[in-house]
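The values are calculated or read from the model by the stated rules, or taken from the named source; none is laboratory data. Quick caveat: nothing in here was measured; it's all calculated off a predicted structure. Virtual Cβ from ideal backbone geometry, glycine too; neighbours counted across all protein chains shown. Only protein heavy atoms, including side chains, enter the accessible area calculation; ligands, DNA and RNA are left aside. Shrake-Rupley method; radii C 1.70, N 1.55, O 1.52, S 1.80 Å.
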Amino acid sequence: MRDEVPADGPGGQVAGASSGSSVVQAGRDVRIVHQQNARPWPLTGGAVLVGAVALLGVAAVAGGIALLRSGLLSPTAALWVAPLAFATGVAVASLRPRSRRVFLVASAFRQKYWLAGLVQDMHGVLDRNGLDLVLKTPERDYDAAAQAHHLRRLVRSRREYLGGFVLAAEVHRMRSELVEFCGEVRVPVVFADIELFDDEARYPPNAAFVGYLSSDLGRLAGQWLAEHFARHGVRRPRVLIVASREHPDRQRCCAEVLRARVDGVSIEVEDGCAFQRSRAHDAVETHVRRLDVRHGRLDAVFCTNDEMALGAVDALRATDSPATGSTVVIGVDGVPEVLALIDSGAGPLRATVVQDSHRLAESANHVLTRMRHGRATAKRTVLRPEVHQAPDEAAADPADPRRTSGRR
């Protein structure tokens, strides 16, 4: 069963992030505390009561044994000691506070503002439901070994959690280990951002996927570019795709759509930019210099996340080249800075394929809640992306339901 959920419009406030796990929203700070070494029993009234009951039971057992040895207590009366000890254990177990913690294992965090926004949205959704979020970030972005370390620690402390979310890194390498993790951690696990399998039957019983498909994001970007070229009469367009080796379906599916729909299109892919603004800047700058040597032109740049799209804009603005006079840029994510720049209508950044992080957080929490309560739920919940584009681009095709002309 595959659920398709229409995305709400993009929006939100400016968010930044640091490696110290602090997520800052305009006018408000939200700190997500790592509690990896916290005491399992906080000193609450319930914890004090548990301690008192436990001490009473221990005292009763020790006293009974002492009286039996001294001859003051008959063997028949001593038989009451065992039930008392058992009752004490039951009382302790029943009074121990239940965990209200949920883990989130991130694939990356440094200078990944969409991910920072997702973490903040996850925190908000869980907090409204009385749950605490424990964030696990890798020492290096998109590092399978760093993520595996967090998974092993979560297995050892699994009784502290009701369930959790995993944004998997290097799925092609980690798939078997992630399946193993689900079997050992035992609590419900929701994979987000990237799916573990494209066949729902292969998911472990306690696992599900919620998110946007990389292939959908790439196809929608390719469709937007093809229609942009058609509207503006661009013949035999030249396209540069600035990408990462993570989420490769974004660049692959975009290129497939362009080749199928645009005659004579020329596509170059630079996939070593790792979702980083500075690397995208350097890649676009180098590409433009090569074009100048052979008197070429650059009609469009598709960047597979918004940080790289901003880097491409930086490079185009800093380069005075006849090759880039009419270049347009389209990104992926829908971070606030990009939405504002698109809405201004100024510059080459004309559109982005929106992954609504708030929508994703709400949907993932809904699935996790149903799994926690043993209710039937879809193994794959797929959210539909939309294109957010500049006002003049939207006005050219107002009937297209996939597009929005401004922030909602």
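Of all residues in the stretch 242-292, which are in a loop (DSSP other than H, G, I, E, B), open to solvent by less than 50 Å² (accessible area, probe 1.4 Å) and out of contact with any Pro (no Cβ under 6 Å at 6 or more places or on another chain)? Within the stretch 242-292, Ala243, Ser244, Glu246, His247, Val262, Gly264, Gly272, Cys273, Ala274, Phe275 meet the criteria. Leu217 meets all of the listed conditions (1) out of contact with any Asp or Glu (no Cβ under 7 Å at 6 or more places or on another chain); (2) at pLDDT below 95 but one, namely (2).
With respect to Val353, determine if the residue is buried (at least 17 other Cβ atoms within 10 Å of the Cβ), modelled with pLDDT of 95 or more and under 17 Å from the mean Cα position of the chain (by Cα). Yes, satisfied. Only one of the numbered conditions (1) part of a helix (DSSP H, G or I); (2) open to solvent by 40 Å² or more (accessible area, probe 1.4 Å) is violated by Arg236, and that is (1). Out of curiosity, is Arg250 among the charged types (D, E, K, R) and within 29 Å of Val190 (Cβ to Cβ)? Against the criterion (among the charged types (D, E, K, R) and within 29 Å of Val190 (Cβ to Cβ)), Arg250 qualifies.
Pairs linking a residue in the stretch 243-272 that is farther than 23 Å from Gly311 by Cβ and touching a residue at least 60 places away in the same chain (Cβ under 8 Å) to a residue that is open to solvent by less than 50 Å² (accessible area, probe 1.4 Å) and not in a loop (DSSP other than H, G, I, E, B), with Cβ atoms under 7 Å and 6 or more positions apart or on different chains, do not occur. Does His295 fit the bill of being open to solvent by 10 Å² or more (accessible area, probe 1.4 Å) and in a helix (DSSP H, G or I)? No; evaluated as a whole, the condition is false for this residue.
Restricting the stretch 171-200 to residues that are touching a residue at least 60 places away in the same chain (Cβ under 8 Å) and out of contact with any Phe, Trp or Tyr (no Cβ under 6 Å at 6 or more places or on another chain) leaves a set whose member that is farthest from Thr137 (Cα to Cα) is Glu200.
Scanning the stretch 165-176 for residues that are surrounded by 17 or more Cβ atoms within 10 Å (Cβ to Cβ) and over 10 Å from Phe191 (Cβ atoms) yields Ala169, Glu170, Met174. Quick check: is even one residue across the stretch 179-196 part of a strand (DSSP E or B), surrounded by 14 or more Cβ atoms within 10 Å (Cβ to Cβ) and in contact with a Lys or Arg (Cβ under 8 Å, 6 or more places away or on another chain)? Among the residues of the stretch 179-196, not one is part of a strand (DSSP E or B), surrounded by 14 or more Cβ atoms within 10 Å (Cβ to Cβ) and in contact with a Lys or Arg (Cβ under 8 Å, 6 or more places away or on another chain), which makes the answer no. Pairing residues of the stretch 281-296 that are farther than 18 Å from Pro237 by Cα with residues that are open to solvent by 30 Å² or more (accessible area, probe 1.4 Å) and part of a helix (DSSP H, G or I), at Cβ distances under 7 Å and at least 6 apart in sequence or on separate chains, gives His281/Asp314.
Restricting the stretch 360-375 to residues that are among the charged types (D, E, K, R) and in contact (Cβ under 8 Å) with a residue 60 or more places away in the chain leaves a set whose member that is surrounded by the fewest Cβ atoms within 10 Å (Cβ to Cβ) is Arg372. Scanning the stretch 115-151 for residues that are surrounded by 22 or more Cβ atoms within 10 Å (Cβ to Cβ) and of a type in the set (Asp, Glu) yields a count of 1. Residues of the stretch 309-333 being modelled with pLDDT under 95, open to solvent by less than 30 Å² (accessible area, probe 1.4 Å) and either within 30 Å of Met122 (Cα to Cα) or of a type in the set (A, V, I, L, M) (or both), which ones? Hit for the stretch 309-333 is Ala323, nothing else.
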